[in-house]
Amino acid sequence: MASDESEKYDETCIFCLIAKNQDKETEVIKQNEELVCFRDICPAAPHHYLVIPREHIHSCRSLSREHIHLVERMTSMGTAVLKEQGITNMEEVRLGFHQPPFISVGHLHLHVLAPVRKISTCFEYKFTPETDSFVTVESLRKKLLKTAPPAGIRCNFGKCFGLS
Ligand SMILES: [Zn+2]
Ligand SMILES: [Zn+2]
């Protein structure tokens, strides 16, 4: 697996650095072998966390049906962190992904915000469900279900865009 490692890691990517615990500014709240959770540097609500995979995946548009379980695991880590902070009412929680070109960092990250009614009005537009910019976990799941089953070749190398 050692040779795979470098291809899944982008040294210019701040979230890859965080995933490797190499960013001193960022306090990791929760992590496991696959995922890392930390506070959004620019919080739009009293609770605003990001969950990222350690693997460098560009965005939700890079995902297909085979990633549904990854998205589910990211969601459970996000809700677990909220529970630890005393937030258990899921109606108070907004979970979703920014879609390109509306992404700030080109490394897949799940936004976990709560409580919904306290999302700052100046940032609301960035987190409004089912807009061009923001897609909720539930609708991403539906989109991924419609994607074709994985082809023989996996696309880990960023070579897959229009280079056929
Ligand atoms: Zn990255
Ligand atoms: Zn984002």
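The values are calculated or read from the model by the stated rules, or taken from the named source; none is laboratory data. Since we're looking at a predicted model, the values are computed, not measured. For neighbour counting, all protein chains shown are included, and Cβ atoms are generated from backbone atoms with ideal geometry for every residue, glycine included.
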- [ ] Please enumerate the residues belonging to the stretch 94-110 that are surrounded by fewer than 20 Cβ atoms within 10 Å (Cβ to Cβ) and over 12 Å from the mean Cα position of the chain (by Cα).
- [x] Pro100, Pro101, Phe102
Open item on the list: Give me the residue from the stretch 6-42 that is modelled with pLDDT under 95 and under 21 Å from Ala114 (Cβ atoms) and, out of that set, surrounded by the most Cβ atoms within 10 Å (Cβ to Cβ).
Closed with: Thr26
Open item on the list: Test of understanding: among Thr131, Thr121, Thr147, which residue is more than 15 Å from Pro43 (Cα to Cα), away from ligand 2 (no atom under 16 Å from the Cβ) and hydroxyl-bearing (Ser, Thr, Tyr)?
Closed with: Thr147
Task: When residues of the stretch 134-164 are limited to those that are among the polar types (S, T, N, Q) and at pLDDT below 90, the one farthest from Val105 (Cα to Cα) - done: Ser164
- [ ] Report the residue count in the stretch 53-67 for those that are away from ligand 2 (no atom under 15 Å from the Cβ) and surrounded by fewer than 17 Cβ atoms within 10 Å (Cβ to Cβ).
- [x] 2
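Rundown of residues vs (1) touching a residue at least 24 places away in the same chain (Cβ under 8 Å); (2) more than 16 Å from ligand 1 (Cβ to nearest atom); (3) of a type in the set (Val, Ile, Thr), yes/no style:
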{"position": "Ile29", "(1), (2), (3)": "yes, yes, yes"}
{"position": "Phe38", "(1), (2), (3)": "no, no, no"}
{"position": "His48", "(1), (2), (3)": "yes, yes, no"}
{"position": "Val71", "(1), (2), (3)": "yes, yes, yes"}
{"position": "Glu91", "(1), (2), (3)": "yes, yes, no"}
{"position": "Phe97", "(1), (2), (3)": "yes, no, no"}
{"position": "Pro100", "(1), (2), (3)": "yes, no, no"}
{"position": "His107", "(1), (2), (3)": "yes, no, no"}
{"position": "Lys118", "(1), (2), (3)": "yes, yes, no"}
Task: The listed residue being at pLDDT 95 or above and within 16 Å of ligand 2 (Cβ to nearest atom), out of Leu70, Leu82, Leu50 - done: Leu50
